[in-house]
Every structure is written in C-alpha cells, then in structure tokens.
Amino acid sequence: MAIAFAVRLGYILVAHTYVFKLHDDNFGFGYEMGRIGRSLALGQGFGNPFNGITGPTAWEPPLYPLLIAGVFKLFGIYTHASAFVLLTINSFFAALTCIPIFCIARKSFGEDVAVWSAWLWALFPPIIFWSTRWVWETSISAFLLAMIFFVTLSLEERDEKRPWLGFGLLWGIAALTNASLLSFLPVSGLWAWYRRSRAGKRSTGGIALSAVIFLVCISPWVARNQRTFGKFIPTRSNFGEELRLGNGPGADGKWMDSEHPSKDAEQLRLYQQLGEIAFVAARKREALAFIRADWSRFAWLCAKRFAYFWSGPPHPRTTFSSLLGNLLYLATSVLAMFGLAVAWRKRRPGAGLFFWLVLIFPLVYYIAFVLARYRHPIEPELLILIVYAVAELASGGWRSAPSHG
C-alpha cells in the first residue's frame, strides 16, 4: 500500500499531472464536479455544473463535489495546488484499495493470489492512470466497491451486528459518491442473505440495521432535492440526459459528447431555459422515442456498447498504440472471464458474488454509453480474477475437478 501511494505521488510530481489545460475556463479540471465545487467555494450553493450561473443541481452526487469545494477553499479555485491535493487524495484511496483486494483474494483464492493481486494493483500503469490524472471519484468508487465486496463476503460467516452496520454505512457513502455502484446493492444484499440462509443463520435484524443506516446516510441529500426541485431524487438527476447521449439520431454506440451541454451551446441554452429537471425529462423523452422507433437498432447499439465496455471504447483516430491498448484491454477482460469460469467450476468462495458483479454492474452502460473509466470501479475484482486465471493456467490446475470442500 505504501509503495502504491509513493509510486502514484511520484508520477504526479514527475509528469506534472496537476497542470490542467486552461481552455474553456478550466472545465477539464473536474468537469461538472469541478464546476459544482467552484460554485460551492464561491458561496453560490450546490449548482452551476456547466458554464455560467444555471442554478441548483443534482447532476452529480454530493460527496466528491463537496471534497473539491473544500480543497478549493483551502488551496484556491482551479490552482495547481488544488489539483495536486485532489490527485493525491485520489492516489491515497487507490493505495488503500490494496487492502480489500488482498482480503478478497485471500478469502476466495488463497495467499499467493492475494499477494500478486495487491502488487499488480500497486504497480500496473493502466491502474495508476485514473488516480493520477483525473479529478473525479473514479478511484474512490473502486475503493468503496472493493470494501463492500469484502464486507459482503464476510457477512456469510460473521453473526455480530458490526459487519451489517459497516455494510449499510459503506453503501450510504457509495450512493452519495457514484450512483452507478447502486446496481450491485440488491445483489450483494440478496447474496449475503442467501448464503446465510443456507447455513441456517438469520439475517433479518442485520438487514434492517443496514437499511436504516443507509437511509440515514442518504436522507439529507434526498430531502435537499425534494425541497429544491419538488421531486424525489435519491442520488442524481441526469439519467435521461445520459440515455439520450447514447441513443439518438446518428448514434453509433459511442458517447455523443458534441450534444452535451458543456459543448453544445443550444443544449446549454435549453438547460438554462427549462431548468435541470425539465431539460433531463425532455432529453429522456427523445431517447425513448428513438429506442421505440427501432428496437433492433437499439439492440445493435447495446451489443456494440457491450463490446466497448470489455474491449475499450474506440479511439477517435486509429493508431498502432490505440489498437494495442484495445487489445490489452480485451485481453484483461478475457483473462478475467476465464478466471471467473474456473472459480465457478471449482466452487471457490465468493465465485457467485464475482459473477453477479460482472453481470449486473455494466448493464446501465450497455443501454446508455461507455467511457474507458466506467470499468474502473470493478477493476479490483477483475484484477483478482486475472491473477487467479494466470495462476491456474501456469499450474494447470484449471483442468482439475471441482472442489467440494
């Protein structure tokens, strides 16, 4: 963990990744989250996710913009110092992720896989990229989901209330950090309940405690949104816009970023004119009309996005390095799927939980659009499966009979 942090910090300093481009009034520094952080730091409230004063927003969950705002207040808005601090915080959480990676891998696949998984996470360059170059919640999301995954695994055996309390708290923090993580919430809860039920253990009290803690965590944000917009918004408001940016005239499976309010002056004008909630509702109607008009075309777009999620989105310009990057991305996906298949066949502890995570988490991206960073929150679990796959291939153990232990 210490080496993982030192490597990331060193890269930030040597590569000057804290120096962001100044075009478009520093929008590339945190994008919508950076804008909301600036609005908070200037005393304008949780709002203004794009250029100009556009009013209150629920475009993003609150925790990471609040973190940006705190750093902006202490170190200046859009300064190199603020960028360095935020990237350092990202790198700290990325380094912390070594702990749940080790714990998950040791519980499911043994000590050797655990050690190699933690070291690969610490030193693999594509993993290092996101924490050292992006002011976004990506690295924190990966840490939170890995912690949730490990706590879920431990719930099968532990009978005290503390793990259930941690389960609810982690999910509450995750909901206020990255709404996409919530797709795994029902699965993780049901998996823990099912495994405990098979062992003859009761879970009703623990589930109720987790639910209460979760609701306590998100209730201030839900109440704020109800008061501000007159609508129930549990995490974020912009799904209709995200759906439209992947499904509309000219859609080819990629993100149609040219129609985003941050790039399209007409869309920004509509956003300002209609207000956030009405704007998102209108964009959702457009997306649904496009989908209903030709279901076979939508299915083909979903298939392309499935391919992009697991092989990497295509680059605007095809070069040898971009092709090599996509091949590496695809190779890691294939290895992870092979590791999952072997783990399932050999009935390794937690194999079912790995399966449901890989199945459920990407679904929202298949129907909307895919960016390269969208896979990163489940990268810790995929990396463990990759190391397990390599270990099985190297030893020839993948051919052996399933374990009944």
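FYI, it's all coordinate maths here, none of it is from the lab. Please read these numbers as outputs of a predicted model, since none were measured by experiment. Reconstructed Cβ throughout: ideal geometry from the backbone, glycine too, with neighbour counts over all protein chains shown.
Go ahead and run the numbers for FRET between Q44 and R292, Cβ-Cβ distance against an R0 of 35 Å, rounding to 0.05. Given R0 = 35 Å and the Cβ-Cβ separation, E is 0.35.
With a ≥ b ≥ c the root eigenvalues of the C-alpha gyration tensor of the stretch 72-214, is it rounded (a/c under 1.5), prolate (a/b larger than b/c) or oblate? Cα axes put the stretch 72-214 in the oblate bin. Compared with the rule-of-thumb size 2.2 N^0.38 Å for a compact globular protein, the stretch 138-236 has a Cα radius of gyration ratio of 1.13. Approximating the spin labels as points 7 Å out from Cα along Cα→Cβ, the H80-to-R373 distance works out to 2.2 nm. Each of F229, F320, F354, F5 has some number of other Cβ atoms within 10 Å of its Cβ, and from fewest to most they run F320, F229, F5, F354.
For the pair L327 and L363 in one chain, pulling the backbone fully straight at 0.36 nm per residue adds 10.7 nm over the alpha carbon distance. Annotation for L169 and D24: the two label points, set 7 Å from Cα along the Cα-Cβ direction, are 3.9 nm apart. The stretch 170-185 and the stretch 3-61 have Cα centres lying 21 Å from one another. Each of W295, W193, W59, W221 was scored by other Cβ atoms within 10 Å of its Cβ. Listed from fewest to most, they are W295, W193, W221, W59. Only Lys, Arg, Asp and Glu carry charge here, each on its Cβ (+1 for the first two, -1 for the last two); on that basis the chain has a dipole of about 820 debye about its Cα centre. How many nm is it between the label spots at S183 and S400, if each spot is 7 Å from the Cα in line with the beta carbon? For the pair S183/S400, the computed spacing is 3.5 nm. Sparse packing (at most 14 other Cβ atoms within 10 Å of the Cβ) combined with a DSSP loop state is found for the following trypsin sites (Lys or Arg not before Pro) in the stretch 307-405: R317, R347.
Run the paramagnetic zone check for I3: 7 angstrom along Cα to Cβ, then residues of the stretch 115-151 with backbone nitrogen under 14 Å. So the set is 115-125. Using all pairs of distinct alpha-carbon atoms, the Kirkwood hydrodynamic radius of the chain works out to 22.4 angstrom. Which FRET efficiency value, to the nearest 0.05, is calculated for Y194 and D159 with the Förster distance at 25 angstrom and r the Cβ-Cβ distance? FRET efficiency, Y194 to D159: 0.95. Helix screen, the chain: DSSP H segments with Cα axial length of 27 Å or more and mean Kyte-Doolittle hydropathy at least -1.0 are 204-229, 320-345.
Determine, from the Cβ-Cβ distance of L215 and A282 and an R0 of 41 Å, the FRET efficiency 1/(1 + (r/R0)^6), rounded to the nearest 0.05. The computed FRET efficiency comes out at 0.85. The length gained on full extension between D112 and R269, counted as 0.36 nm times the residue separation minus their Cα-Cα distance, comes to 50.9 nm. Helices in the chain, meaning DSSP H runs of at least 4 residues, each add -39500 (n - 2.57). Divided by all residues, the mean residue ellipticity at 222 nm is -21500 deg cm²/dmol. Here the dipole of the stretch 297-370 is about 180 debye; that uses its Cα centre as origin and unit charges on the Cβ of Lys and Arg (positive) and Asp and Glu (negative). Cβ-to-Cβ counts within 10 Å put I218, I12 in ascending order as I218, I12, the fewest first.
Which entries of K21/K231; K254/K346; K231/K284 have Cα-Cα distances beyond 26 Å here? Those over the limit are K21/K231; K254/K346.
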